[in-house]
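Note sheet for the following structure.
Each reported figure results from applying straightforward, stated rules to the coordinates on display, with no laboratory input. Since this is a predicted model, take the numbers as computed values, not measurements. Cβ coordinates were reconstructed from backbone atoms using ideal geometry, including for glycine residues, and neighbour counts include every protein chain displayed.
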Amino acid sequence: MAAALFPLSLRISGRRVVVVGGGHVATRRIATLLDAGADLVVISPEVTDSLAATIARESLTWLRRDYRTGDLEGAWLVQTATADPAVDDAVAADAEESRIWCLKGGDPEHATAWAPATGRVDDITIAVNAGGDARRAALLRNGLVAAIETGDLPLRHRTHHPGGRVALVGGGPGDPGLLTARARRLLAEADVVITDRLAPLAVLDELDPDVEVIDVGKLPDRHPIPQDEINRLIVDRAQAGRVVVRLKGGDPYVFGRGGEELLACREAGVEVEVVPGVTSAIAVAAAAGIPVTHRGVARGFSVVTGHEELGELPRRGDHTLVLLMGVRRLAATTSELVANGHDPATPAAVVERGCTPDQRVTVATLGTLAERAAEVGATSPAIVVIGDVVTALTL
């Protein structure tokens, strides 16, 4: 049985590290050592073209000759990778004599230090040692990085907390499968989730029991928690040192008031990032088989809110109109459009609960859509699509 290893992470920034050799193994190792800030010395008569380019642009020393005893003076760590066993053994022996840890390329059994396959995701470093099997270690490392990036592993800070911050996360049109990998990862890190009614609420079941969940969902004409109070909640929790995810339906910058929340965080000096989401304006239409643009049918589209009177909009069937939050005043909206010159025969549709198992599509014309929607009892959440694309793929 091989001797057990003691895994350790080293701070080598500004400390002398010697690399003996200039081939492909040395080239790869030097790249990671530079990332760690090492004070590098390369000893080799020749180097690869890639390493020569690195030497030309980076601050490191190249001794263009063979290794000599005494070259390790002042070093904290040495990597030998000459492909010449006699030279590598001599370097390892000198390192042992000087009590310097030695990474021995191609001969891990006789090394005093092993370099694991490493990956980094923000403040998380993954290091995998697979008993000298570099390929196996790399595959495991890749799997762990992917699991962290998609939020499949527990990521919350437990002891050393980095301080409060906010993520304004777009949750997409409702299906949790349409959350971005970044969104899932941030949810896995969250201490507080402040959620909307239209966010993909099923993902909340994946949170730790002690994660604080605050529902600030709004209904048409009923805002039990005003936007100013939502802004205050976000900022207060972050200033208390918590990782806050503001989980919103769709995209936070498409009629989601994400801009107001971003400004509130910035004004309070709170670190904030925006994670775009799949907007229902496009995704829900697509899920219903309606492309907002289609070659030979529609070459542009406008997204507007159906909450209020519409201003001047393109009046052509080849320019698609998408109305968000427009069911409640659909009759008034369609009448306004017709009065402003839109053709009442233009195909139109209401798509309710898009991207969910309960999705329902009602197709009519601009002139008859409100009546048809009332007949079927259409309710929010829904989008309205007006334009020739509504029937383009069913003709």
ask   = What residue among Glu189, Glu46, Glu229 shows peak mean-square fluctuation when the chain is described by a Gaussian network model with Cα springs under 10 Å?
value = Glu46
key: FRET efficiency, Val145 to Ala52 (Cβ-Cβ, R0 41 Å, nearest 0.05)   = 0.85
ask   = Is segment 172-314 rounded, prolate or oblate when judged by the Cα gyration tensor, a ≥ b ≥ c being the square roots of its eigenvalues, rounded requiring a/c under 1.5 and prolate requiring a/b larger than b/c?
value = prolate
remark   = Here P(r) for segment 77-127, Cα-Cα distances in 5 Å bins, as whole percents, is 5, 22, 26, 17, 11, 10, 6, 3, 0
inquiry  = Which of the three applies to segment 70-160, rounded, prolate or oblate, going by the alpha-carbon gyration tensor with a ≥ b ≥ c and a/c under 1.5 meaning rounded?
reply    = prolate
remark   = With Cα coordinates, the longest principal axis of the chain makes an angle with the long axis of helix 134-149, in degrees rounded to 10, of 30
message = Rounded, prolate or oblate for segment 269-395? Axes are the square roots of the Cα gyration tensor eigenvalues, ordered a ≥ b ≥ c, and the cut-off for rounded is a/c under 1.5.
response = rounded
inquiry  = As a test of the definition: which semi-axes, in Å, follow for the chain when you take the square root of five times each eigenvalue of its alpha carbon gyration tensor? Largest first, please.
reply    = 60, 24, 18
Protection proxy ranking of 67-77, 6-16 - average other beta-carbon atoms within 10 Å, highest first = 67-77, 6-16
key: Highest average packing first - 134-142, 314-322, Cβ atoms within 10 Å   = 314-322, 134-142
task = Treat every Asp and Glu Cβ in the chain as -1 and every Lys and Arg Cβ as +1, leave all other atoms uncharged, and give the resulting dipole magnitude about the Cα centre to the nearest 20 debye.
result = 360
key: Gaussian network model of the chain, springs between alpha carbon atoms under 10 Å - residue of Leu34, Leu155, Leu337 with greatest fluctuation   = Leu34
ask   = Put +1 on the Cβ of every Lys and Arg and -1 on every Asp and Glu Cβ in segment 16-115; which of Ala83, Trp62, Val18 then has its Cα farthest towards the positive end of the dipole?
value = Trp62
query = Over segment 16-115, what is the mean sequence separation of C-alpha contacts under 8 Å (at least six apart), divided by residue count, expressed as relative contact order in percent?
reply = 28
inquiry  = Just to confirm a number: summing +1 for Lys and Arg and -1 for Asp and Glu over residues other than Thr150 whose beta-carbon lies under 10 angstrom from that of Thr150, what do you get?
reply    = +1
message = Cut-off 10 angstrom, C-alpha nodes, Gaussian network model of the chain. Which of Val284, Val245, Val19 fluctuates the most?
response = Val19
Within-13-Å neighbourhood charge of Asp84 [Cβ basis; K, R +1; D, E -1] = -4
ask   = Reported to two decimal places, what Rg/Rh ratio describes segment 16-115 when computed on Cα atoms with Rh from the Kirkwood expression?
value = 0.92
key: Environment charge at Tyr253 (Cβ cut-off 12 Å; Lys +1, Arg +1, Asp -1, Glu -1)   = -1
note = If one compares the long axis through the Cα atoms of helix 330-339 with the longest principal axis of the Cα atoms of the chain, the angle in degrees, nearest 10, works out at 80
query = How would you order 349-358, 55-64 from highest to lowest mean count of nearby Cβ atoms within 10 Å?
reply = 349-358, 55-64
query = Which listed residue (Val376, Phe255, Thr180) has the Cα farthest towards the positive end of the charge dipole for the chain, taking +1 on Lys and Arg C-beta and -1 on Asp and Glu C-beta about the Cα centre?
reply = Val376
